[in-house]
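Contents: one structure, followed by commentary.
The values are calculated or read from the model by the stated rules, or taken from the named source; none is laboratory data. The structure presented is a predicted model; accordingly, all values stated were derived computationally and were not measured. Every residue, glycine among them, receives a Cβ derived from its backbone with ideal geometry; neighbour counts consider all protein chains shown. In case anyone asks, the SASA skips ligands and DNA or RNA and just uses the protein heavy atoms, side chains included. Shrake-Rupley method; radii C 1.70, N 1.55, O 1.52, S 1.80 Å.
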Amino acid sequence: MNNDYSLVKDNMTPEYVKNLPLEKLPLFCDELRAKLIDIVSKTGGHIGVNVGVVELTVALYRVFDLSLIHISEPTRLGMI
């Protein structure tokens, strides 16, 4: 797997995603998907949903101020 991620950083903020130029978003999504696959291939786990919503998640971060919203994992709350 390609470990040379030019746009995906270890510590990204909503502002980082919002400030990416539109023409770089396809590459950013490709890199983000590749990094997810790379991480899950080493740690194990379910990946299907994660790679399927990369563009959706990036779009939400670009359009909305998600820093004001707390999104919690159902598994962390014992719901699953």
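Filtered by the rule that a residue be outside any helix (DSSP H, G or I) and open to solvent by 80 Å² or more (accessible area, probe 1.4 Å), segment 5-63 gives 9, 10, 11, 46.
Name the pairs whose Cβ atoms lie under 8 Å apart, with the first residue in segment 1-16 and hydrophobic (A, V, I, L, M, F, W, C) and at pLDDT 80 or above, the second surrounded by 10 or more Cβ atoms within 10 Å (Cβ to Cβ) and in a loop (DSSP other than H, G, I, E, B), and 6 or more positions between them or separate chains? Every condition considered, the pairs that remain are 7/20.
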